[in-house]
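Everything on this sheet refers to the single structure shown next.
The values are calculated or read from the model by the stated rules, or taken from the named source; none is laboratory data. Since we're looking at a predicted model, the values are computed, not measured. All Cβ positions, glycine included, derive from the backbone under ideal geometry; neighbour counts span all protein chains shown.
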């Protein structure tokens, strides 16, 4: 059981909104609080659940995160139990990476078995992390947001990515966090992504 915080943003056209969400514990009682509004203006706030068990509050927190990301919000920063956040920055420019991440496409079992035999495809177990594409080129890593724009990534992601023995690659995976470890790009770099 751990406290959690997430800072989300949504930018499209003239819309520039933020959404802050907290899962907090006060004297054994759990609550979920949210603040939202236009970036730079006074935010509205609401208590989504209070005086709840951890399990009840965590379900509400996770449901709200799923709803917001499903509506196009991006996670700018997330923390668990007060540990340092793993941050994924906003694009400094509108530079396009040449890759636009796609939603998962269902396939039938025979096709999945065929892909599993192909050494150019890697797979990962699905966690509830934050999706991120990462590109390695000329020894440097850059993140790719869902619009295909190049974004900065947290330097702590370099260590697990360095375990991949390739001069360059494009990986589409997720940032995961365990209370016992530092944030990382999935759980096992040899199984974290589809190689393209």
If we ask which residues in region 126-135 are modelled with pLDDT under 85 and within 25 Å of residue 168 (Cβ to Cβ), their number turns out to be 5
Within region 136-153, restricting attention to residues that are part of a loop (DSSP other than H, G, I, E, B) and more than 12 Å from residue 75 (Cβ to Cβ), which residue is modelled with the highest pLDDT? 138
Take residues that are at pLDDT 90 or above and either closer than 30 Å to residue 134 by Cα or touching a strand residue (DSSP E or B) at 6+ places or on another chain (Cβ under 6 Å) (or both) and tell me which of the strands (runs of 3 or more DSSP E) falling wholly in region 19-97 contain 1 or more. 29-38, 44-52
When residue 115 is evaluated against the numbered criteria (1) modelled with pLDDT under 80; (2) more than 30 Å from residue 24 (Cβ to Cβ); (3) out of contact with any helix residue (DSSP H, G or I) (no Cβ under 7 Å at 6 or more places or on another chain), which criterion, by number, is the only one it fails? (1)
